[in-house]
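The structure appears right after this line, and notes come after that.
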């Protein structure tokens with residue numbers, strides 16, 4: 001035979017600790033993960049804000065440089081002396097022509113004298129060429145003008161129709177590859193005809209000044225590039241960037257954004273300078289920030305683990321205190337089951353379980369007392385059964401006695417007395433109803449009819465009755481003995497003061513699920529308020545309480561206060577759903 005598996009039963013305290021631990025662990029873990037993620041996102045957001053701020057500042061400084069060069073070029077190209085020289089055609093190179101050249105040189109010197117970042121200014125056409133170097137005021141042309149305008153860059157420049165453009169020095173013959181050249185076609189002020197070109201070359205000095213004045217609070221490398229070629233590179237003298245990025249890695253970083261993983265992880269952000277079309281790239285080693293994220297996550301989860309352990313410890317202490325009373329209660333129940341004394345167990349009433357224990361002790365004591373009283377009541381119960389059997393004989397004795405009176409009245413030809421005896425006998429039979437508490441409306445009306453027959457024999461034709469009940473309501477079952485007390489009340493309090501001269505009208509109708517039965521008279525009416533009449537009248541109070549106990553609080557009796565003479569009382573009963581319990 002296979003052995004049954006031994007089931008593991010957990011105590012209530014252990015179940016509570018496990019449930020509370022799981023309930024506590026789940027939100028704590030979610031909170032730790034959420035906090036760690038939020039902190040990490042905060043670090044990334046902080047890094048993004050720092051890089052964006054640095055890029056915006058670099059972009060703004062480059063705009064200043066571009067604007068300065070463009071405004072300087074505009075001053076030169078629109079100067080009257082420059083326009084006059086470039087429009088002049090003097091193959092003899094006369095003295096007047098040389099004077100115009102000197103005037104243009106002076107203009108170029110005056111305009112660019114405080115622009116020490118301009119390494120070269122070159123103004124030329126097919127007739128003249130003026131070159132200003134930073135170290136001297138004049139020199140030989142950089143290149144033959146015909147050679148310059150034969151290059152592809154010049155064709156692109158003409159398509160801009162007077163707007164300036166930036167080129168690498170390697171693209172323009174005669175310029176160093178270390179220079180950036182701002183080129184602009186000089187247009188005739190009177191018509192859109194190209195009369196020459198202006199070339200302004202700059203080196204690293206303006207960019208170096210940007211980063212000399214720019215305080216970068218984090219380790220970042222900044223690249224300025226044009227069409228994928230690096231124009232300027234700012235590299236901080238830190239350990240992270242001692243090994244400079246390879247050209248391939250730089251190209252990769254120039255075309256990506258966000259966190260990029262090469263040999264190391266880098267955070268890359270870009271911004272485009274709209275004045276020059278250059279791309280400014282900020283490259284930040286992500287390792288320090290990654291370590292900060294890991295350390296913060298480690299700290300958050302450590303704190304969460306410590307909180308969880310403290311919570312479990314507190315739950316164990318609380319569980320032990322809560323189940324201590326339950327263990328006492330268990331011992332008390334076992335002692336009761338085994339029939340041992342329970343005097344040694346006491347419960348503290350500081351909590352609900354202690355109150356339950358004390359209540360159990362009280363109930364057990366009362367139960368023991370009730371058991372003792374039960375044996376004593378058995379004898380009285382037997383006596384009560386004998387008395388009940390005796391009372392069942394009494395109605396038969398009453399019917400037989402009334403039957404004897406009836407035949408005696410017949411013998412003496414007292415027909416009125418005989419009719420009253422028969423009516424009284426019918427009243428007793430209908431009111432007893434074989435012990436049933438419900439009766440049909442037809443039988444209840446029959447009971448009232450017999451009662452009124454007795455009263456009419458007493459008071460004669462001055463008492464009139466009218467019953468107005470639809471035939472389809474005759475089979476409705478109602479609580480017995482409801483109408484006769486109302487009819488008797490109308491006789492005693494309504495018609496008696498006017499010599500029983502009047503009419504009693506009984507009617508019935510339905511209202512939804514309710515049955516409405518009214519008893520009205522044309523007597524003297526109420527002498528007090530309806531509530532006072534109910535409280536003072538035993539019959540009315542008894543009827544109302546019986547109806548509400550049997551049918552519910554929404555049923556009962558009410559007075560019609562619109563009557564100017566007499567009184568109308570309406571019973572409100574449920575038609576179908578009869579509540580038991582009376």
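Taking the mean number of other Cβ atoms within 10 Å as a proxy for protection, how do you rank 195-204, 362-371, 77-86 from highest to lowest?
In descending order of packing, they fall as 195-204, 77-86, 362-371.
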> When the Cα atoms of region 15-66 are enclosed in a convex hull and the volume is divided per residue, what value in Å³ results?
Replying inline: 33
> For 310, 172, what's the fewest-to-most ordering of other Cβ within 10 Å of each Cβ?
Replying inline: 310, 172
> Relative contact order, percent, of region 435-553 when contacts are C-alpha pairs under 8 Å separated by at least 6 residues?
Replying inline: 25
>> As a footprinting exposure proxy, order 337, 546 by other Cβ within 10 Å, with the fewest listed first.
In response: 337, 546
> Just from the alpha-carbon atoms, what are the Rg and Dmax of region 52-114 in angstroms?
Replying inline: 17.3, 59
> Can you give the direction-averaged projected area of the convex hull of the alpha-carbon atoms in region 469-561, in nm²?
Replying inline: 6.5
> Once the Cβ-Cβ distance between residue 26 and residue 171 is put in as r, and R0 is 51 Å, what FRET efficiency do you end up with, to the nearest 0.05?
Replying inline: 0.20
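I need 235, 51, 107 ordered by Cβ neighbour count within 10 Å, fewest first.
235, 107, 51
None of the figures in this text is laboratory data; all of them are computed from the coordinates on show. Since the structure is predicted, the reported quantities are computational estimates derived from the model, not experimental observations. Heads up, the Cβs are rebuilt from the backbone with ideal geometry, glycines too, and the neighbour counts pull from every protein chain shown.
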